[in-house]
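Structure record follows, encoded as structure tokens.
The values are calculated or read from the model by the stated rules, or taken from the named source; none is laboratory data. The shown structure was predicted, so the numbers you read here are calculated from the model rather than taken from an experiment. Glycine gets a Cβ as well: all are built from the backbone with ideal geometry, and neighbour counts include every protein chain shown. Each accessible area value is taken on the protein alone, full model and side chains, heavy atoms only, with ligands, DNA and RNA left out. Shrake-Rupley method; radii C 1.70, N 1.55, O 1.52, S 1.80 Å.
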Amino acid sequence: MGRLNIVGGNSGGVFGNRKNIMEKCSACGLCVDSCLLLQEIGEVPLDIATRGPAIEEAFSCNLCELCTAVCPEDLSLAGMFAAKRVEAVANGEFPIYDYRYIYPDRELNVCKLYREKYHIDYNDLPLDKKGAVAFFPGCTMFTYAPAITRAAFNHLQELWPYISLLTDCCGKPLYQMGLRERGESYTGYIKSKLIGLGVKVLITACPNCFYQLRADLAPAGVEVRTIYESWGEGKPGTSSVTIHDSCPDRHEGIFARQVRGVLERLGYQRVEMEHHGTTTFCCGSGGQVSHFRPDLAEALIVRRLEEAGKTGAGILAGYCLSCVLNFARISSGIKVRHALDLLLGLDEDYNGIKERARALFSGPEGEENWQRVMAE
């Protein structure tokens, strides 16, 4: 079944989504039972679509499409909210420029500042080199998990000796924030760069990057793959593990199947949470809600950790680093790791990374850092 690209600008406008929901929503309430935002609003999608979504509601939605997964009519309230974001930004109704510190196309943003201050770079690796194969770890991974980035690159280099490393963002945050034209411009930049380098196969570690780039790069002759699909040997393990599925992977489940398959081959014992696969709960980072509604993001993190704890598993493994960083920030009694940690024999502790990022903006130096990031 084809799915709506809710962040890529193909959502058909607010009224187009509203009309579909008004015509087909039976007000069964299944989506309300699953979604903390809808519970907060206190209305079914039919009512929201009839009156029209509020801007505050649109920027509180994780755009995770859990609503679509549980809906008997396959309706996307997330699509309506995403389109409302685009409309609100275009009309100057939402101060999106206040959040420019996370724009991936700016000369300096939070990720770039973090790498600068904590001396994270990859200048010793083949960066942006011409060749048929390139590794695209994603901005969160190469910023906050340099050990994984390097180990994963070394693993891939055994398969493709002339592979290159690309330290770019996929541009998804721009689309999520409603900056459609800016997002399309950035996508064009990525496409031109890959064509110029002669890349034919792009290996991704991030599900956001995979699904964001796959369709856009196909016409340019660039095949986007996951790092897991051709995984060979790995570090054997016997621990029990529960796997958090990433929202972008919800409908197709490509990462979900591949990660589970590799971990099981290596000996890990899998225990599933009640909500996994198509019905997985969002980690709280979807739709940039951790910036727009940190209180709601916190509630989503706690809900997911509670569910993971009920499995009795020793490890909560995610294959999206943003999810892993969210879960690791709160002490929950369960070990939080990235799937690549397990496969590569690493044991990174992600507990303090969010605090290190926040520390960049503390004290006198923090004020200076903030002024730099927000400079016009």
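Given the options PRO95, PRO72, name the one that is open to solvent by 30 Å² or more (accessible area, probe 1.4 Å) and either in contact with a Leu (Cβ under 8 Å, 6 or more places away or on another chain) or modelled with pLDDT under 95 (or both).
Testing whether each residue is open to solvent by 30 Å² or more (accessible area, probe 1.4 Å) and either in contact with a Leu (Cβ under 8 Å, 6 or more places away or on another chain) or modelled with pLDDT under 95 (or both) leaves just PRO72.
Starting from the stretch 107-128, keep only residues that are under 23 Å from ILE195 (Cα atoms), then list their pairs with residues that are of a type in the set (Phe, Trp, Tyr) and in a loop (DSSP other than H, G, I, E, B) whose Cβ atoms are within a distance under 9 Å, requiring at least 6 positions of separation or different chains.
Taking only residues 6 or more apart or on different chains, the pairs are PRO126/TYR162.
If I filter the stretch 141-170 down to residues being under 22 Å from GLU233 (Cα atoms) and among the hydroxyl-bearing types (Ser, Thr, Tyr), which single residue comes out as surrounded by the fewest Cβ atoms within 10 Å (Cβ to Cβ)?
TYR162
What tally of residues in the stretch 137-193 results from selecting those that are closer than 20 Å to TYR211 by Cα, outside any helix (DSSP H, G or I) and small (Gly, Ala, Ser)?
3
Within the stretch 298-313, which residues are among the small types (Gly, Ala, Ser), crowded, with 16+ Cβ neighbours inside 10 Å and either touching a Cys at 6+ places or on another chain (Cβ under 6 Å) or outside any helix (DSSP H, G or I) (or both)?
Listed by number, the list holds a single entry, ALA313.
Hey, can you tell me all the residues within the stretch 329-376 that are in a helix (DSSP H, G or I), closer than 21 Å to HIS119 by Cβ and open to solvent by less than 40 Å² (accessible area, probe 1.4 Å)?
The answer is ILE353, ALA357, GLY366, ASN369, VAL373.
Only one of LYS84, LYS117, LYS112, LYS130 is open to solvent by 20 Å² or more (accessible area, probe 1.4 Å) and closer than 22 Å to ARG225 by Cβ. Can you tell me which?
LYS130
May I ask you to list the residues in the stretch 321-333 that are in contact (Cβ under 8 Å) with a residue 40 or more places away in the chain, farther than 24 Å from GLU233 by Cβ and not aromatic (Phe, Trp, Tyr)?
Residues satisfying the conditions are SER322, CYS323, LEU325, ASN326.
For the stretch 269-289, indicate whether the set of residues that are modelled with pLDDT under 95, buried (at least 19 other Cβ atoms within 10 Å of the Cβ) and among the aromatic types (Phe, Trp, Tyr) is non-empty.
Looking for residues that are modelled with pLDDT under 95, buried (at least 19 other Cβ atoms within 10 Å of the Cβ) and among the aromatic types (Phe, Trp, Tyr), one finds none in the stretch 269-289, hence no.
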